[in-house]
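Everything below concerns the one structure shown next.
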Amino acid sequence: MLILGIETSCDETAAAVVEDGRRILSDTVASQVALHARYGGVVPEVASRQHLLQIVPVVQGALSEAEVAMDDLDAVAVTYGPGLAGALMVGVNAGKAIAFARGLPFVGVHHLEGHTYAAWLEFDDPAADPGFPLIVLIASGAHTDLILMRGHGDYELLGRTRDDASGEAFDKAARLLGLGFPGGPAVQRAAEGAAAPFRLPRAWLKGSLDFSFSGLKTALLRKAQEMGVHPAPEGGADGEAVAELAAAFQESVVDVISAKAAEAVRLHGARGLVLGGGVSANGPLRQACRERAPVPVLIPAPRLCTDNGAMIAAAGYHRRVRGAAHGLDLDVAPSLALA
Ligand code: KG4
Ligand code: ZN
């Protein structure tokens, strides 16, 4: 089954052709990172306009790279929420137009379901598939969720962030330390090889699988002020101090997320742990989850952790094999819940 997946929920215009939910024939991503970098975050209006400019060449690029014509497709899958309304609209309408013109089934996909199914992409050893139930950890720019997945399409939300998402925390930490946008990769790079001689706090929220990162952000700010890193002094901040702060911050986020993911696995007798979302590209987080979870850990390749069309096509495949399709009256759902 050949599925065209389209993703425009935030700042990547992305399209891909995926066969049977696993094999990537093409995966085209037009990133807007450089455009939003000067604002230190994603500007919704700028994102929508850029999606409009990019959507046709990106979809055409994905089809031609896959050497697939529209008539070869079996369905079109598109992210319809959650995300920025104006951004989602561009992908959803492009998908509807293709589905209508070619008489193809149209499948709306939840963005986080897409991040979940990234773990199945290029996973070509069914014997190593741990089976259900699984715990899914989605750590992205907008979410930090722990989900119990009992089967394909069957989700229960176990925990979520009560304030900032982990990716948002990385982005804010990077801004504070003068490391640029997006913050996650910048903080990881700055922290490489550094060991902090101090600890930043962890919000354990005992007895709950929820997260909280806003206290950590405030603690980082205080420590950065104390160490003379923020506000940045003339001539720039001391590189070693920045590295120590980045390392201490990352250590705190990684410690809490990996501990809670492992705890969720134990509590629910899960057979595996799946990671998804931009923050799961983080090296130390990947390593900590592998060390702490008492079960196999499935993590997409780093480039498939951030937003892409292939994950939407993969999630669309698993909906389609269950016979799901949406009408062309499907609207965008900026606050769509997964479960
Ligand atoms: O999933 P994603 O591409 O978009 C959303 O759906 O939000 O996630 C983007 C987030 C950003 O906050 C970015 O800083 C973070 O993922 N991120 C990382 C890393 N790479 C991207 N965070 C930590 N370490 C990384 N290596
Ligand atoms: Zn995402």
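Cβ-Cβ contacts under 6 Å between residues 6 or more apart (or on different chains), taken from a first residue in segment 328-339 that is under 19 Å from C10 (Cβ atoms) to a second residue that is open to solvent by less than 80 Å² (accessible area, probe 1.4 Å) and β-branched (V, I, T), are listed as V332/V92.
Of the residues that sit in segment 6-26 and are assigned to a strand (DSSP E or B) and within 16 Å of the chain's Cα centre (by Cα), which one is farthest from P334 (Cα to Cα)? Filtering first and then ranking leaves A15. Taking the criterion of being open to solvent by 70 Å² or more (accessible area, probe 1.4 Å), modelled with pLDDT under 95 and of a type in the set (A, V, I, L, M), the only residue of segment 21-69 that qualifies is A34. Of everything listed in (1) touching a residue at least 40 places away in the same chain (Cβ under 8 Å); (2) over 18 Å from A165 (Cβ atoms); (3) among the acidic types (D, E), the single unmet condition for E234 is (1).
Residue count for segment 1-36, restricted to those that are within 14 Å of ligand 2 (Cβ to nearest atom), over 25 Å from G103 (Cβ atoms) and charged (D, E, K, R): 2. Scanning segment 268-302 for residues that are free of Cβ contacts under 8 Å to residues at least 40 places away in the same chain and outside any loop (DSSP other than H, G, I, E, B), we see that the one that is surrounded by the most Cβ atoms within 10 Å (Cβ to Cβ) is V297.
Can you tell me which residue within segment 206-257, out of those that are of a type in the set (A, V, I, L, M) and in contact with a strand residue (DSSP E or B) (Cβ under 7 Å, 6 or more places away or on another chain), is nearest to T144 (Cα to Cα)?
Quick first cut of segment 206-257, residues of a type in the set (A, V, I, L, M) only: 209, 216, 219-221, 224, 227, 229, 232, 237, 241-243, 245-248, 253-254, 256-257.
Applying the additional criterion that residues be in contact with a strand residue (DSSP E or B) (Cβ under 7 Å, 6 or more places away or on another chain) yields 209, 256-257.
Details: L209: 11, V256: 11, I257: 9 Å.
Here the residue is I257.
List pairs: first residue in segment 306-320 and more than 14 Å from ligand 2 (Cβ to nearest atom) and outside any helix (DSSP H, G or I), second residue open to solvent by 20 Å² or more (accessible area, probe 1.4 Å) and β-branched (V, I, T) anywhere in the structure, Cβ distance under 9 angstrom, at least six positions apart or on different chains. Hits for this filter: zero, empty list. Of the residues making up segment 194-226, those that are farther than 18 Å from D164 by Cα, touching a residue at least 12 places away in the same chain (Cβ under 8 Å) and open to solvent by 30 Å² or more (accessible area, probe 1.4 Å) are A194, A195, P197, F198, R199, K223.
Of all residues in segment 160-181, which are near ligand 1 (Cβ under 10 Å from one of its atoms) and touching a His at 6+ places or on another chain (Cβ under 9 Å)? Scanning segment 160-181 gives A165, S166, G167, F181. Listed conditions (1) in contact with a Leu (Cβ under 7 Å, 6 or more places away or on another chain); (2) away from ligand 1 (no atom under 16 Å from the Cβ); (3) closer than 19 Å to Y155 by Cα are all met by R322, apart from (1).
When you look at L157, is it within 16 Å of ligand 1 (Cβ to nearest atom) and touching a strand residue (DSSP E or B) at 6+ places or on another chain (Cβ under 7 Å), yes or no? Walk me through it before giving the result.
Numbers: within 16 Å of ligand 1 (Cβ to nearest atom): no; touching a strand residue (DSSP E or B) at 6+ places or on another chain (Cβ under 7 Å): yes.
Against the criterion (within 16 Å of ligand 1 (Cβ to nearest atom) and touching a strand residue (DSSP E or B) at 6+ places or on another chain (Cβ under 7 Å)), L157 does not qualify.
The values are calculated or read from the model by the stated rules, or taken from the named source; none is laboratory data. Since this is a predicted model, take the numbers as computed values, not measurements. Cβ: placed from backbone, ideal geometry, glycine included. Neighbour counts: every protein chain shown. The protein model used for the area step is the full one, side chains on, heavy atoms only, and it has no ligands, DNA or RNA in it. Shrake-Rupley method; radii C 1.70, N 1.55, O 1.52, S 1.80 Å.
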